[in-house]
1. Using the Karplus curve 6.51 cos²θ - 1.76 cosθ + 1.60 with θ = phi - 60°, work out ³J(HN,Hα) for each residue of the range 45-59 in order, rounded to whole Hz, and write x for Gly and Pro.
2. Assuming a ≥ b ≥ c are the square roots of the Cα gyration tensor eigenvalues, decide whether the range 131-182 counts as rounded (a/c under 1.5), prolate (otherwise, with a/b larger than b/c) or oblate.
3. Of the listed peptides 100-110, 125-135, what is their order by residue-averaged count of other C-beta atoms within 10 Å, with the highest listed first?
4. Would you work out if the range 96-150 is rounded, prolate or oblate? Take a ≥ b ≥ c from the square roots of the eigenvalues of the alpha-carbon gyration tensor; rounded if a/c is under 1.5, else prolate when a/b is larger than b/c, oblate otherwise.
5. Give me the mean projected area, in nm² to one decimal, of the convex hull enclosing the Cα positions of the chain.
6. Going by Cα centres, the range 81-106 and the range 120-152 are how many Å apart?
7. Looking at Thr12, Ile24, Pro177, which one has the Cα that reaches farthest to the positive end of the dipole of the chain (charges on Cβ: Lys, Arg +1; Asp, Glu -1)?
8. Give me the extension gain from Ala121 to Thr53: residue separation times 0.36 nm, minus the current Cα-Cα distance, reported in nm with one decimal.
Amino acid sequence: AEICEVVDTWKTQFVELAEHYSCIHVFENKGEIMGCSQPHPHGQIWAHNHRSTEIDLEDKRQREYYQTHHRPLLADYIDRELSEKQRIIVDNEHWLAVVPYWAKWPFETLLVCKDDVQTFAQLNSAQRFSLAEALQVLTVKYDNVFNTSFPYSMGWHNAPLDLENNEHWRLHAHFYPPLLRS
């Protein structure tokens, strides 16, 4: 229930900020090693009218893939991971968490919506509840890896709101543990 409240807050804040900004970053940090003064996960939201480099690059790659294959890149990636069943960490009705084959960091994960959802604004109650479940399972698994309250940085990637058409996008989050941080 507490995680559902956080997800609902993300959605509410996203919808409010979307009235004024085209690029909205929802992120969360956990652990002193990640620069947090509080032991519990806590988040921030940044909103601006320019695209961050990472969002701009993801938009370009997803758009190129969609123009070639007429399907969202992350939708096809979900299908691939579900068929291979090698890197899945969490799989529920609406969300899939995997260790992506392109991961640069140990224990890096990708949490992606299985449904055709581009931003938090589109999430219905079932998807929000399912997301809360996926977040709980994923973060408990992180804690269990080293039998400790595992630190991480997590960032949500919504489709940029300055797009006329964003059907090539899929709402997703990246989880980065602190290992290999400079």
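The values are calculated or read from the model by the stated rules, or taken from the named source; none is laboratory data. Please read all numbers here as calculations on a predicted model, not as lab measurements. FYI the Cβ positions are ideal-geometry reconstructions off the backbone, even for glycines, and counts take in every protein chain you see. Calculation scope for accessible area: heavy atoms of the full protein, side chains included, ligands and nucleic acids excluded. Shrake-Rupley method; radii C 1.70, N 1.55, O 1.52, S 1.80 Å.
1. Once rounded to whole Hz, the list reads 10, 10, 9, 7, 9, 10, 7, 5, 4, 5, 5, 4, 5, 4, 4.
2. Oblate, because a/c is 1.5 or more while a/b does not exceed b/c.
3. Descending packing order for the listed peptides: 125-135, 100-110.
4. Values: a/c = 3.32, a/b = 1.54, b/c = 2.16.
The shape class here is oblate.
5. Directional mean of the projected Cα hull area for the chain stands at 10.6 nm².
6. The range 81-106 and the range 120-152 have Cα centres separated by 13 Å.
7. So the residue we want is Pro177.
8. Extra length available between Ala121 and Thr53 comes to 22.2 nm.
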